[in-house]
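The values are calculated or read from the model by the stated rules, or taken from the named source; none is laboratory data. None of these values were measured; they are calculated from a predicted model. Methodologically, a virtual Cβ is constructed for each residue, glycine included, from the backbone with ideal geometry; neighbour enumeration extends over all protein chains shown.
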Amino acid sequence: MAPLIDMIFILLIFFLVTASFVKTPGIDIQKPFAETAEDRKKTNLVIGVAQDSTIWVEGRMIDIRDIRSYLERFLQETPNGTVVISADEDSRSEITLLLHDACQGVGIREVYIGAANE
Amino acid sequence: MKKIIITGRRPAATELNMAPLIDMIFILLIFFLVTTSFVNEAGLERKKPQPSPPKQTDIEKRTNVTLGVMADNSIWDQEEGRSIHIKSVRAYIENFLIEAPKGTVVIAADKDSQIGTVVKVMDACRLAGVENLSVAPMTSGER
């Protein structure tokens, strides 16, 4: 019995450590393709911009005016968090740039514009 | 009257029941197995143009290019007023970098342009080897 419990404990600790709980937007996004996009391993939050330029976080739609307070709360929960703005390729670029400005405005250091690289 | 005399022997050693512990660990294990998602997000870094003091340079040489992405997703060289096809952006920027290896490229995106086009232009500039690449919303004066 003891080796079994040992093994299960090791598996448990592995999953405890690797669980990162990424907050996903919960919508289907056709991301633009970019050859030079690099993988961002430690992503904590993905902000989705749908084709009709609506903003989605954690499975719900959010107004552009409410994004700042949301990001402030996110930063309190996850200091040094990484944000990827995953915008549909047909969405208006203004939204992505505004979101990027808002992220940097509240003090999130690592903000990236999402793209597919394969 | 009968007197019941209990003369039970105590067990030599008590054994800890492991079953509930294992049950609990299994449940935790399954929880983390199910919730762990190895999300691999890829992304591009965006810099904003920094206002820099005018440098003393040759008047003949250009040290920066402003690529405008319009509402209809056409790409223009803002200073020279030339239209550039999306597929020739890379070659255009490579040519510019031969003249000015440390040159700056600013992408000015119209608010109604598609982000897909902006990302394509960013990608082309990065492939061309631009070191100072920044993306900004287009101001009304640039249109």
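Worth a mention:
- Residues in region B:93-105 include at least one that is within 20 Å of A:ALA34 (Cα to Cα), more than 18 Å from the chain's Cα centre (by Cα) and of a type in the set (A, V, I, L, M).
- If you check A:ILE55, A:ILE27 for being surrounded by 14 or more Cβ atoms within 10 Å (Cβ to Cβ), in contact with an Asp or Glu (Cβ under 8 Å, 6 or more places away or on another chain) and more than 7 Å from every other protein chain (Cβ to nearest Cβ), only one passes: A:ILE55.
- Qualifying residue in region B:126-134 (condition: touching a Gly at 6+ places or on another chain (Cβ under 8 Å) and surrounded by 15 or more Cβ atoms within 10 Å (Cβ to Cβ)): yes
- Selection from region B:106-131 of residues that are within 14 Å of B:LEU44 (Cβ to Cβ), touching a strand residue (DSSP E or B) at 6+ places or on another chain (Cβ under 8 Å) and either more than 10 Å from chain A (Cβ to nearest Cβ) or not charged (D, E, K, R) (or both): B:ILE107, B:ALA109, B:ILE115, B:THR117, B:VAL118, B:VAL119, B:VAL121, B:MET122, B:CYS125, B:VAL130
- Members of region A:3-24 found to be facing chain B (nearest Cβ under 9 Å) and free of Cβ contacts under 8 Å to residues at least 24 places away in the same chain, listed by number: A:LEU4, A:ILE5, A:ILE8, A:PHE9, A:LEU11, A:LEU12, A:PHE14, A:PHE15, A:LEU16, A:THR18, A:ALA19, A:PHE21
- Hits in region A:48-70 - residues which are hydrophobic (A, V, I, L, M, F, W, C) and touching a Lys or Arg at 6+ places or on another chain (Cβ under 9 Å): A:VAL49, A:VAL57
- Region B:3-36, subset modelled with pLDDT of 75 or more and among the small types (Gly, Ala, Ser), residue nearest to A:PHE15 (Cα to Cα): B:ALA19
- All strands (runs of 3 or more DSSP E) inside region A:1-113 with 3 or more residues being touching a helix residue (DSSP H, G or I) at 6+ places or on another chain (Cβ under 9 Å): A:45-49, A:82-87
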